[in-house]
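Remarks on the structure that follows.
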Amino acid sequence: MERLPVSRYYLFTVLAIGGGILDLWSKHAVFHWSSLPWGNAYWIWARHIGLQKSLNEGALFGMGQGMVWLFAAISILAAIAIPIWLFRLGAAQDVWLTVALGCVMAGIVGNLYDRLGLSGETWPEPLPRAGERAYAVRDWILLQWNDRWQWPNFNLADSFLVVGACLLIVHTFRQPDSKAITTVEAAEETKAS
């Protein structure tokens, strides 16, 4: 295996840690904004873009509510597997993969922090578990097109995960087909002979 450029380590670390810090800082800022009460939206662009505090014990779109520990375990496994794949197995040779997985790791860091209850957030009144530590992801970005179409609340970590996943999908489609390359190379060798 070729030696990995040091820049790949820096790139991955800056994306993963920088994105995680940005996510955690934004959650802290919104959730400690005392004039933004729970459940009420603060509209930046009236009825389209706003802020709203929300706790999510599930995953994407709130699926799997109450399965926090399963999602935390999957996140921990992914946080271990990604650096191994990139740096031990050499996937970081590809800058596209390094960027994609750096974004994914930023999302994992931000949401795992919340799922482990490290934010210190508690369930608000009047919920049945009011005052108990929340082992849930803090969501705060609110998007809606109109009163009928409202996107589920999300956060920056979710955005990093989606960007990383999209980059991985694009990367898959932009990879040359090795069988086609082999055929082309064989044809060129035959011509040259």
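Taken together, the values in this text are just the output of simple stated rules run on the coordinates, not laboratory data. All of these numbers come straight from a predicted model, not from anything done at the bench. Ideal geometry is used to build each Cβ from the backbone, glycine not excepted, and the neighbour counts take in all protein chains shown.
Note the full-extension length gain between Asp94 and Tyr10 as 0.36 nm times their separation in residues minus their Cα-Cα distance, in nm to one decimal.
28.9 nm
Tell me which trypsin sites (Lys or Arg not before Pro) from the stretch 79-178 have a DSSP coil assignment and no more than 11 other beta carbons within 10 Å of their own.
Passing sites in the stretch 79-178 are Arg129, Arg148.
Residue by residue through the stretch 3-15, what is 3J(HN,Hα) from phi via Karplus (6.51 cos²θ - 1.76 cosθ + 1.60, θ = phi - 60°)? Round to whole Hz and write x for glycine and proline.
Per residue, the Karplus-derived 3J(HN,Hα) values read 5, 6, x, 4, 4, 5, 4, 5, 4, 4, 5, 4, 5 Hz.
If Lys and Arg each add +1 and Asp and Glu each add -1, what is the summed charge of the other residues whose beta carbon sits under 13 Å from the beta carbon of Gln93?
Taking every Cβ under 13 Å from that of Gln93, the sum is +1.
Let me know the longest stretch in the chain that avoids all chymotrypsin sites (Phe, Trp or Tyr not before Pro) found in a DSSP loop with at most 12 other C-beta atoms within 10 Å.
For chymotrypsin sites (Phe, Trp or Tyr not before Pro) (loop position, at most 12 other Cβ atoms within 10 Å), the longest site-free span of the chain is 1-144.
Within the set of other residues whose C-beta is less than 15 Å from the C-beta of His48, count the net charge using Lys and Arg as +1 and Asp and Glu as -1.
Net charge in that neighbourhood comes out at +1.
So who's got an amide H within less than 5 Å of the one on Ser54, skipping anything under 5 residues away but keeping other chains? H placed 1.01 Å off N, in plane.
Asp139
In the set (1) 0.97; (2) 1.06; (3) 1.30, which value of Cα Rg over 2.2 N^0.38 Å was calculated from the structure you see?
Answer by label: (3).
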